[in-house]
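A.B. asks: Have a look at this one.
Throughout, read-outs are computed from the coordinates displayed, never taken from laboratory work. Computed from a prediction, not measured in an experiment: that's the story for all the values here. Note that we place each Cβ from the backbone using ideal geometry, even for glycine, and neighbour counts take in every protein chain shown.
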């Protein structure tokens, strides 16, 4: 526990710090105590805690303590920016998360409900990460998509289809103009749809559609699974016909996405499954934009995010914060393709495009393509027809 006289050790003037040494964290928390004392406690618990040995005059805080650099308090709600020395956790994503969203931050004395709202990295930290291998530009080059969004569809029904039926639906959508037909995030290596069989059937259908249309197509296979199985599942998917892979990084661990990026020769998508559990409550948890930034840092080329509209229960501001987190300058880290989604159809495409304000996104439609009354071929074609009515952005 810190004492009142120790508070200054956990505060700093930003202008006096070597900012290349610090990751910046923005929290919002509630407290009944003195806001400065509570903020100092938060810094202490997530970094040095006890900063000297008994009987010693040493002080580890100047080098290792997290430090408050901005604080605003009103009616028991505190917005605080903390500079945390990344030397404390290194370029290791599990260690980073343990520091900024672990026991120290969420069980700090005097801090009640707390939410990590945002995170920013200095270039010196970013240089230790590879980031996306293909990103937006590389993906456009691979699939020859210019001047419009990537048209993506989740094959429906999302669970229960045997490989041959799955592949036939994907084929119909590709011939109709879909760029990427994908597994649902819940579809893995199942007894009733083994990944090898599904990838093989979808791969054959993809190549048939490419020959007929003269354009590249993508089968995006979900390989989310136990971490120790990811390398073999990646190999199974790609060798049998998948030309992109997807995992759920919050479920597998963000570090699993980083490891997958290191072995992958095809684009990697990170899905947002699990984000709502940690971030939907307004005053507790980890904001979705933090997870988006971490997925990009880990090397996801494409990042699924909760999209616009009532189903996903996200404000436009939150959706756009995640979109910008995929695009905005991030040192040496390439841009990722944001894929905002949630019950979108050709009818919602103009609205989504207008709000995003750029063609650099993935437009994902499940039922809008595979639930189309005239079939997935017509559903995919409807996306291209709708894009013709979108004003230039």
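A.B. asks: With (1) outside any helix (DSSP H, G or I); (2) touching a helix residue (DSSP H, G or I) at 6+ places or on another chain (Cβ under 6 Å); (3) buried (at least 20 other Cβ atoms within 10 Å of the Cβ) as the list, and residue 225 as the residue in question, which single condition is left unmet?
C.D. replies: With (1) outside any helix (DSSP H, G or I); (2) touching a helix residue (DSSP H, G or I) at 6+ places or on another chain (Cβ under 6 Å); (3) buried (at least 20 other Cβ atoms within 10 Å of the Cβ) applied to residue 225, the lone miss is (3).
A.B. asks: Being more than 20 Å from residue 92 (Cα to Cα) and surrounded by fewer than 24 Cβ atoms within 10 Å (Cβ to Cβ) is the filter here, so list the residues in segment 259-278 that pass it.
C.D. replies: Once the filter is applied, which keeps residues that are more than 20 Å from residue 92 (Cα to Cα) and surrounded by fewer than 24 Cβ atoms within 10 Å (Cβ to Cβ), segment 259-278 yields 265, 266, 273, 274, 276, 277, 278.
A.B. asks: I'm checking my understanding of the structure. Among residues of segment 48-64 that are touching a helix residue (DSSP H, G or I) at 6+ places or on another chain (Cβ under 6 Å) and not in a helix (DSSP H, G or I), which one is surrounded by the fewest Cβ atoms within 10 Å (Cβ to Cβ)?
C.D. replies: 51
A.B. asks: Quick one: residue 129 ticks every box in (1) part of a loop (DSSP other than H, G, I, E, B); (2) out of contact with any strand residue (DSSP E or B) (no Cβ under 9 Å at 6 or more places or on another chain); (3) on the phi < 0 side of the Ramachandran plot except a single one, so which number is it?
C.D. replies: (2)
A.B. asks: When segment 70-100 is examined, which residues are found to be under 27 Å from residue 296 (Cα atoms), in contact with a strand residue (DSSP E or B) (Cβ under 7 Å, 6 or more places away or on another chain) and surrounded by fewer than 19 Cβ atoms within 10 Å (Cβ to Cβ)?
C.D. replies: 70, 79 - these are the residues of segment 70-100 that are under 27 Å from residue 296 (Cα atoms), in contact with a strand residue (DSSP E or B) (Cβ under 7 Å, 6 or more places away or on another chain) and surrounded by fewer than 19 Cβ atoms within 10 Å (Cβ to Cβ).
A.B. asks: Scan segment 173-194 for residues that are in a helix (DSSP H, G or I) and buried (at least 23 other Cβ atoms within 10 Å of the Cβ) and jot them down.
C.D. replies: Correct list: 173, 174, 176.
A.B. asks: Considering only residues that are assigned to a loop (DSSP other than H, G, I, E, B) and touching a strand residue (DSSP E or B) at 6+ places or on another chain (Cβ under 9 Å), look in segment 325-347 and name the one that is nearest to residue 386 (Cα to Cα).
C.D. replies: Looking at the filtered set, the residue picked out is 344.
A.B. asks: So, one more: Scan segment 119-127 and give yes if some residue there is closer than 19 Å to residue 223 by Cα and buried (at least 21 other Cβ atoms within 10 Å of the Cβ), otherwise no.
C.D. replies: no
A.B. asks: I'd like the full set of residues that are in a helix (DSSP H, G or I) and surrounded by fewer than 23 Cβ atoms within 10 Å (Cβ to Cβ), limited to segment 294-324.
C.D. replies: 316, 317, 318, 320, 321, 324
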